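This report concerns only the one structure given below.
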Amino acid sequence: MPSFDEIVNELQGKINNETIEAFGQAGFERWRNPPHRGKPAKANYEGASTGGCGETIRIFLYIDDDRVCDAGFATDGCGSSMISGSMAAELAVGKPCDDLAAITGETVLEGLGGADCLPVDDQHCAWLAANALHEAVGDYYKQTVKRKK
């Protein structure tokens, strides 16, 4: 009879293999250790987008002098939401706010390696992440306009 540790290791191996099959090696690595996970300490703007499946992606931005200096994400969704949120945050860092509107779901998919990087049923997560990013930059513009009044 296999030990508990052997059973756990076998199950983890199966999960890892299925994840690599679904997301590819780069997506698997991002899933295991997602860059930009969490809210940066200096984040001063945020946006969220909720999909029809009920999952939400939040994007947090630290913006200074009209440029994204740091970004983070959080999600209560699946692995596809996690890697999409991570990529959207990564794509935003270093960019002027005016350039963020050009980041679409397609841009997020391209950053992850193309349309094949997510299962077809999960590709909407890339658009959720882009929408959350747009909401966060919208938060920046709303607050900036209020301060100028």
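Derivation of every value follows stated rules applied to the coordinates shown; laboratory data play no part. Since the model is a prediction, treat every value here as computed from it, not as a measurement. Please note: Cβ atoms are built from the backbone with ideal geometry, for glycine as well, and neighbour counts cover all protein chains shown.
Between the amide H of K95 and those of V68, distances stay under 5 Å, these residues lying 5 or more places away or on another chain, with hydrogens modeled in the peptide plane.
With contributions of -39500 (n - 2.57) from each DSSP H run of at least four residues, the per-residue ellipticity at 222 nm computed over the chain stands at -17500 deg cm²/dmol. Each Cα pair under 8 Å and six or more residues apart adds its separation to the average, and for region 1-87 the resulting relative contact order is 25 percent. Positive end of the dipole of the chain (Cβ unit charges, origin at the Cα centre): among F4, V137, S81, the Cα lying farthest that way belongs to V137.
Among D139, D116, D98, whose mean-square fluctuation peaks in a Gaussian network model of the chain (Cα, cutoff 10 Å)? Looking only at D139, D116, D98, the largest GNM fluctuation is found for D98.
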